[in-house]
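The values are calculated or read from the model by the stated rules, or taken from the named source; none is laboratory data. Only a predicted model underlies this, so the values are computations on that prediction, with no experimental measurement involved. With ideal geometry, Cβ positions are generated from the backbone for all residues, glycine too; neighbour counts draw on all protein chains shown. Just the protein is used for accessible areas: all its heavy atoms, side chains included, with ligands, DNA and RNA removed. Shrake-Rupley method; radii C 1.70, N 1.55, O 1.52, S 1.80 Å.
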Amino acid sequence: MLSFSFRRCFCLLTLTGALAFARNYDVAWDAPSRDSSGSMPLGNGDIGLNLWVEEGGDLLFYISKTDAWSSDTRLLKVGRVRVNLAPNPFQKGLPFRQTLRLNEGEAEIEAGAKANPVRLLVWVDANAPLIRLEAAGKRAFRMEARLELWRTTPRRLEGAEAVSAYGLDGGPEPIVAAADTIVPDAKQVVWFHRNETSPWPAILKRQGLESLIGRLQDPLLHRTFGGALVGTGLQKIAPDTLRSAAPGKRFVLTIPILCRQTATAQVWHKELQDEVLKAAKTPVEAARAAHRKWWSEFWSRSYIHASGTPEAEAVSRGYALQRFVTACAGRGGSPVKFNGSIFTVDAREPKEQFDADYRRWGGPYWFQNTRLVYWPMLASGDYEMMEPLFAMYRDALGLAKARTRIYFNHDGAFFPETMHFWGTYADSNYGWKRDGKPVSYVENTYIRNYFTGALELVAMMLDWCDYTGDRRFLTRTAIPFANEILTFYDQHYKRDGQGRIELKPSQSLETWQDAVNPLPDIAGLQYVLDRLIAMPGGQNMMWIRIRSELPELPMATEKDRKYLLPAGQILGPIRNSENPELYAVFPFRLLVLGTRDCAIARETFERRRFKRSMGWTQDAIQAAWLGLTDTAAEYVVHNFTTPHKGSRFPAFWGPNFDWVPDQDHGNVAMLALQSMLVQASGKRIALLPAWPKKWNVEFKLRAPAQTTVEGVYRDGKLESLKVTPEERRDDVRMPEGR
């Protein structure tokens, strides 16, 4: 039963109420921007825009796509569009208002003299691969849309800029950024970028995987991405330009964007024209209504609306904006990139003055960073946005299994901490000089024996199954994937004198690079195996045997106080700034609030070597799961109030350890804020376990077993609570004193 009592009726927040919360966090500017650093994000989950208006100039936007991978392994911009209006409503001194409307997933710009205002509406169709720009004026005006390409000739990447092709940098071959192509077309401006070469076969050969060439498809070769400018009331006047034939009061610019691997560029062009025809069949008003409906349903899934103090309002706004940015890139052909997502702009850091294709750490995925984008999607109910992450690893499983057999001559699968989206190491990590080295030898010590991420991915998959109730995914994806990872651990490591698995050689994340029995791996194995064995029908003999052979969590005692250690033995110096001992709190929730050994975890948290909150550091999340309210609140406030100083949009964070906008910084704060409100572990739902009493909140979050928890907490009291389905109400608990 609930540890509190009340008979107050719950007033269900309607869809209108949920949307009202989102409207509170609209971003509005009353002056144009200087350059792309003043851009505003838009997206439909796959295609993104960085939109800005230059004072006295034009409206511009960069176009991005989640799977626009180039032959130099970079995630590129698709292009840039400049829109010119005459008379110019953006002249200095004229009224101006640019608003990001979260409810509708669109940007509205109202500008110009009072006698002749112009209204621009820009949106990326939530249901189609289309960008729409609608322009309307009280009086007739002219409009021009021009494609702007900067990759006009092949160009070698050198020096610091080569970091944006991370993995190929430092190699024997030059890194060449290929040029874009404008297609001759009578009525449309059509362009594309096509990979006529690919490093994929050379990467496989270098990493000892040449036997897979011919068995697996090259993921880069002939990948083609681009789009078309198609205008209502506009006609083509140059290869890169559309212009109104005569002044008018309304114009519509439609831009279909397509990425495909096709045999020829002509095949890609034909498929793009199919998208043009589809767009023409649906009136823009109907498409806009359906687009807004998608965003309305998105915002009604979940929300956190905190108030009562300036800090509460700041975290509430940061939460909504970060969730929006994630949603703009969360339904595409590749997972969200932690180092900028699809919203990179022209780099303007002191030592990095490069174009918008640049990002630190380039194209590979670090699991340590990528995971933090995805954990908050469970409580927010954004389940479909987790599928690209699962798909990337599922699609790479065959390569991972083959690599395990080639490298170690045993079964199972491992994934490197840092990998290209198809599953191989980045060559610069694997090592360029291979003479005299076994095929399994990895040059980079930061990831040489770092296999922990796959265990966390299994934990995330199991949570996804618990939240969604998707048994098909459990049996066809999660369990088979888990078995391959567990088989790797089972066969890769020897047993000690007591018959327990001895994780050696190994490392405790990137921080302790020479260790025995690292806590993150032991905690991950315990957590995953306990979850699997506890499932109905979970009496798999391999699971039970491996669980019985696991070492205990590394621990020490000082003055009768127990605390966790990074590893059973540390054999080398410290190399990074993580707190691996706290992986038993998050992501592997073994010692958390409500468990017998929470005091041990709290002692460990107090003793942690690195105390901070920024980028990928997860102190805020762990503080929340330990019920440390003040610390969790302090860190969440810090994250949500420290945007990138060079960016105008208030939820572009970074660069921190990575790049702008840093997707770890905001998502860590999102997950911590959710965990301060609701913590779900097994059947148990802890309500307000680390919520400040001075923060009022209206919220709606998801929990396992397809459960929704909605409530209002005001002036230190829970005023209302609704749990759906009703039978889950008895699983809700609150801390004493609430």
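Worth pointing out:
- Selected residue [crowded, with 16+ Cβ neighbours inside 10 Å and free of Cβ contacts under 8 Å to residues at least 24 places away in the same chain] from Asp240, Asp218: Asp218
- Among the strands (runs of 3 or more DSSP E) confined to region 545-645, the ones with at least 3 residues that are surrounded by fewer than 21 Cβ atoms within 10 Å (Cβ to Cβ) and more than 29 Å from the chain's Cα centre (by Cα) are located at 555-558, 561-564.
- Enumeration of residues in region 496-529 that are under 18 Å from Asn449 (Cβ atoms), in a helix (DSSP H, G or I) and without any contact (Cβ under 8 Å) to a residue 60 or more places away in the chain: Ile522
Residue-by-condition table, conditions (1) buried (at least 22 other Cβ atoms within 10 Å of the Cβ); (2) among the acidic types (Asp, Glu); (3) outside any helix (DSSP H, G or I):
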| residue | (1), (2), (3) |
| --- | --- |
| Tyr319 | yes, no, no |
| Thr326 | yes, no, no |
| Gly330 | yes, no, yes |
| Gly333 | no, no, yes |
| Lys337 | yes, no, yes |
| Gly363 | yes, no, yes |
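- Cβ separations smaller than 7 Å between residues 6+ apart or across chains give the following pairs from region 372-399 residues that are assigned to a helix (DSSP H, G or I) to residues that are open to solvent by 10 Å² or more (accessible area, probe 1.4 Å) and aliphatic (A, V, I, L, M): Pro376/Leu671; Ala379/Val678; Leu399/Leu216.
- In region 192-212, residue farthest from Val442 (Cα to Cα) [restricted to those that are of a type in the set (S, T, N, Q) and assigned to a loop (DSSP other than H, G, I, E, B)]: Asn195
- Some residue of region 650-663 being without any contact (Cβ under 8 Å) to a residue 40 or more places away in the chain and at negative phi: yes
- Where a residue in region 415-440 is more than 21 Å from Leu220 (Cα to Cα) and its partner, wherever it lies, is among the β-branched types (Val, Ile, Thr) and open to solvent by 40 Å² or more (accessible area, probe 1.4 Å), with Cβ under 8 Å and at least six apart: Val439/Ile406
- Residue count, region 168-216 (criterion: out of contact with any strand residue (DSSP E or B) (no Cβ under 8 Å at 6 or more places or on another chain), of a type outside the set (A, V, I, L, M) and under 28 Å from Asn409 (Cα atoms)): 8
- Hits in region 270-295 - residues which are open to solvent by less than 40 Å² (accessible area, probe 1.4 Å) and either in contact with a Gly (Cβ under 6 Å, 6 or more places away or on another chain) or farther than 21 Å from Leu49 by Cβ (or both): Trp295
- Test result for Ile533, out of contact with any Gly (no Cβ under 9 Å at 6 or more places or on another chain) and either without any contact (Cβ under 8 Å) to a residue 40 or more places away in the chain or within 23 Å of Ser613 (Cα to Cα) (or both): yes
- Taking region 525-544 as the range and being open to solvent by 50 Å² or more (accessible area, probe 1.4 Å) and aliphatic (A, V, I, L, M) as the test, the residues that pass are Ala534, Met541, Ile544.
- Residue check for Val315: open to solvent by less than 40 Å² (accessible area, probe 1.4 Å), in contact with a strand residue (DSSP E or B) (Cβ under 9 Å, 6 or more places away or on another chain), farther than 19 Å from Glu134 by Cα and part of a helix (DSSP H, G or I): yes
- Whichever residue in region 1-23 is at pLDDT 50 or above and open to solvent by 90 Å² or more (accessible area, probe 1.4 Å) and, among such residues, is farthest from the chain's Cα centre (by Cα): Thr16
- Flag if Arg561 is more than 22 Å from Thr452 (Cα to Cα), modelled with pLDDT of 95 or more and among the basic types (Lys, Arg): yes
- Of all the listed residues (Ala68, Ala86, Ala111, Ala126), the sole one being open to solvent by less than 20 Å² (accessible area, probe 1.4 Å) and farther than 30 Å from Pro364 by Cα is Ala111.
- When residues of region 39-58 are limited to those that are farther than 27 Å from Ser334 by Cβ and not in a loop (DSSP other than H, G, I, E, B), the one nearest to the chain's Cα centre (by Cα): Val53
- Listed by position, the strands (runs of 3 or more DSSP E) contained in region 59-176 that have at least 1 residues being closer than 30 Å to Pro350 by Cα are 59-69, 75-86, 96-101, 130-148, 155-157.
- Candidate set: region 243-261, residues that are modelled with pLDDT of 95 or more and assigned to a loop (DSSP other than H, G, I, E, B); chosen: the one most open to solvent (accessible area, probe 1.4 Å): Pro247
- Region 269-297 residues that are closer than 19 Å to Trp191 by Cβ, paired with ones that are surrounded by 11 or more Cβ atoms within 10 Å (Cβ to Cβ) and among the polar types (S, T, N, Q) (beta carbon under 6 Å, 6 or more apart): Ala279/Thr254
- Here Arg132 fulfils each of the conditions (1) open to solvent by 50 Å² or more (accessible area, probe 1.4 Å); (2) closer than 22 Å to Lys187 by Cα; (3) among the basic types (Lys, Arg); (4) out of contact with any Lys or Arg (no Cβ under 6 Å at 6 or more places or on another chain) apart from (1).
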